[in-house]
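Read the structure below first, then the notes.
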Amino acid sequence: MYKLLNNKNKMDVHLKDCQAWKDEKLEMSTTNNESAKLFDDVIHQYVTWVENDQNGGIEGTLKLLRESDPNFAMSNVLSIGLELMGTGRTVRLDTEFRTQVENLSKNKNLNERENLHCKAVVQFANDEYYKACDTWEEILVNYPNDILALKFAHDAYFYLGNSTMIRDSVGRVLPHYKLSNDFYGYLRGMYAFGLEEMNLYDLALKYATEALTLNPTDCWATHAKAHCFEMNGQTNQGINFMKSTENDWSKGAMLACHNYWHWALYHVEKGEYDLALGIYDQQVSQRVSSGAALDIVDAASLLQRFEFQGVNVEDRWEQIYDICRPHIDDHIMVFNDSHFLMSYLSTNKGKDEPTKKIFMKSVNDFIKNSEATTNYNIFSDLGVNLFQGLIAYKEKRFDDATEFIYPVKNNIQKIGGSHAQRDVFNQLLLMSCIQSKKKENINLGLSLIHERKLVKEDSPLTDRMMSKWLACHTTLD
Ligand SMILES: [Fe+2]
């Protein structure tokens with residue numbers, strides 16, 4: 001009943017019962033073997049990104065897990081932690097969720113590792129993202145094979161834009177994983193992504209290729225490789241890679257939208273807008289109804305990039321606005337909010353209703369009423385500038401947009417996401433500079449185009465920006 005198919009050779013993975021968890025020194029305070037196996041099943045799905053349809057995917061398996069032992073503390077850690085990593089729910093707005101999180105602190109008779117897991121999830125839920133990471137690292141020092149702590153930390157570092165720890169958190173435990181471990185290859189895929197975010201593309205490709213040799217459906221390793229091609233300007237290699245392996249990575253529905261987004265980016269780079277729009281319409285737009293934050297930001301990011309290139313996206317923003325609007329008070333991540341804001345500013349609905357004012361008031365109220373958490377700092381130090389910059393750009397106040405965004409450019413990694421994802425803000429700044437009226441902002445644009453071109457030489461998109469700059473401004477005077 002709880003069988004999970006191994007992606008590589010279609011053999012059953014042996015899910016751990018209570019004794020097996022104990023044998024791995026990861027004892028849990030349930031005596032229910034069914035719960036222990038279901039817990040392992042969800043973890044396999046989380047790590048591999050491929051859902052177990054036999055149990056109804058992650059959602060279905062979590063439901064079975066809750067029913068099997070409602071008092072199993074680690075089951076609640078897993079369930080709430082996954083909600084938090086989805087970045088779609090917050091205890092600030094959701095009383096039911098807040099109660100669930102508060103109950104984590106009321107568990108009695110847990111072992112030291114379980115208590116730390118509860119503590120980390122409560123910290124993350126209360127916007128203390130770095131404290132949560134410290135707690136997960138505390139677990140990993142003593143329990144390097146605790147894959148759940150590692151995955152939560154990996155995701156959290158990604159949301160903090162902490163490239164070093166996306167890599168090194170995995171690097172610290174990698175030697176503990178032997179080939180016989182189900183996750184041996186997947187950890188290499190995770191490490192590959194960390195290497196890529198540290199701009200170590202050759203090494204990242206080596207690890208990602210090894211991961212994919214072991215598990216061709218490893219969507220995260222595919223993703224790491226897609227990033228390398230993106231950052232190196234190897235668009236043709238990227239397109240060929242995504243096309244030739246599509247049947248493997250598209251099985252991972254939780255990441256497929258994002259991997260299609262990467263594929264579309266290559267075409268945007270090349271100026272092949274019809275092909276990119278085709279991927280948007282056939283894949284991204286179809287998958288965004290999942291409501292997953294990652295899918296929503298991908299859709300908004302892609303539409304915004306089309307508009308920077310002068311592509312008419314017609315009424316495509318309307319769908320994204322409808323999905324984003326219920327999240328107007330979220331303020332879980334500046335990265336998410338800024339993409340939601342793009343949709344508010346790009347639709348007739350958003351223009352008719354003064355959504356941007358409602359949004360900015362909500363942001364300011366959040367900052368005014370929040371304690372000095374990690375998230376508060378990111379919103380107050382970076383978010384407000386970024387949001388004001390977006391609003392100014394959409395209102396064609398390009399000098400204002402430049403002057404809001406440029407001061408946060410060099411710290412923008414702290415809003416989270418990857419280099420490739422945050423490039424939408426680099427493009428926003430460049431497009432603002434190019435269309436500015438003030439000499440210093442126009443000249444800044446040229447400097448930033450030079451900066452961009454030297455980092456990624458083979459970039460038709462940067463070349464088009466240079467052409468646009470030259471068409472608008474012929475000299476530095
Ligand atoms: Fe990505």
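Scan region 309-331 and tell me whether some residue there is within 19 Å of Gly416 (Cα to Cα) and aromatic (Phe, Trp, Tyr).
No; the residues of region 309-331 include none that is within 19 Å of Gly416 (Cα to Cα) and aromatic (Phe, Trp, Tyr).
I'm checking my understanding of the structure. Among residues of region 224-237 that are more than 20 Å from Arg452 (Cα to Cα) and in contact with an Asp or Glu (Cβ under 9 Å, 6 or more places away or on another chain), which one is nearest to the ligand (Cβ to nearest atom)?
Top of the filtered list is Ala224.
Enumerate the helices (runs of 4 or more DSSP H) found wholly within region 149-248, keeping only those where 2 or more residues are closer than 30 Å to Val122 by Cβ.
Output list reads 163-173, 184-197, 219-231.
Would you mind stating whether Asn115 is out of contact with any Gly (no Cβ under 8 Å at 6 or more places or on another chain) and in a loop (DSSP other than H, G, I, E, B)?
no
Out of Phe379, Phe359, Phe366, I need the residue that is at pLDDT 90 or above, within 16 Å of Leu93 (Cβ to Cβ) and surrounded by fewer than 21 Cβ atoms within 10 Å (Cβ to Cβ). Which one?
Going through Phe379, Phe359, Phe366 in turn, just one is at pLDDT 90 or above, within 16 Å of Leu93 (Cβ to Cβ) and surrounded by fewer than 21 Cβ atoms within 10 Å (Cβ to Cβ): Phe366.
For region 92-102, indicate whether the set of residues that are part of a helix (DSSP H, G or I) and among the hydroxyl-bearing types (Ser, Thr, Tyr) is non-empty.
There is at least one residue in region 92-102 that is part of a helix (DSSP H, G or I) and among the hydroxyl-bearing types (Ser, Thr, Tyr).
Among Tyr191, Tyr207, which is of a type in the set (Phe, Trp, Tyr), surrounded by 20 or more Cβ atoms within 10 Å (Cβ to Cβ), more than 16 Å from the chain's Cα centre (by Cα) and away from the ligand (no atom under 13 Å from the Cβ)?
Being of a type in the set (Phe, Trp, Tyr), surrounded by 20 or more Cβ atoms within 10 Å (Cβ to Cβ), more than 16 Å from the chain's Cα centre (by Cα) and away from the ligand (no atom under 13 Å from the Cβ) holds for just one of Tyr191, Tyr207, which is Tyr207.
Are there any pairs, at least 6 apart or on different chains, whose C-beta atoms fall under 8 Å, with the first in region 212-229 and in contact (Cβ under 8 Å) with a residue 40 or more places away in the chain and the second within 11 Å of the ligand (Cβ to nearest atom) and small (Gly, Ala, Ser), and if so, which?
His227/Ser418; His227/Ala420
Evaluate the following for Ala276: is it among the aliphatic types (A, V, I, L, M), buried (at least 16 other Cβ atoms within 10 Å of the Cβ) and either within 15 Å of the ligand (Cβ to nearest atom) or without any contact (Cβ under 8 Å) to a residue 24 or more places away in the chain (or both)?
Answer is no for this residue.
Which residue pairs have Cβ atoms closer than 6 Å, lie 6 or more positions apart in sequence or on different chains, and pair a first residue in region 402-421 that is closer than 19 Å to Ser301 by Cα and without any contact (Cβ under 8 Å) to a residue 40 or more places away in the chain with a second residue that is hydroxyl-bearing (Ser, Thr, Tyr) and more than 15 Å from the ligand (Cβ to nearest atom)?
Within 6 Å, no pair qualifies.
Looking at region 14-36 only, could you name the residues that are touching a Cys at 6+ places or on another chain (Cβ under 9 Å), crowded, with 16+ Cβ neighbours inside 10 Å and either part of a helix (DSSP H, G or I) or not polar (S, T, N, Q) (or both)?
Within region 14-36, Met28, Asn33, Ser35, Ala36 meet the criteria.
In region 253-273, which residues are over 21 Å from Val311 (Cα atoms), away from the ligand (no atom under 13 Å from the Cβ) and not aliphatic (A, V, I, L, M)?
Answer for region 253-273, where residues must be over 21 Å from Val311 (Cα atoms), away from the ligand (no atom under 13 Å from the Cβ) and not aliphatic (A, V, I, L, M): there is none.
The values are calculated or read from the model by the stated rules, or taken from the named source; none is laboratory data. Just so you know, these numbers come straight off a predicted model, no measurement behind them. We place every Cβ from the backbone using ideal geometry, glycine too, and count neighbours over all the protein chains shown.
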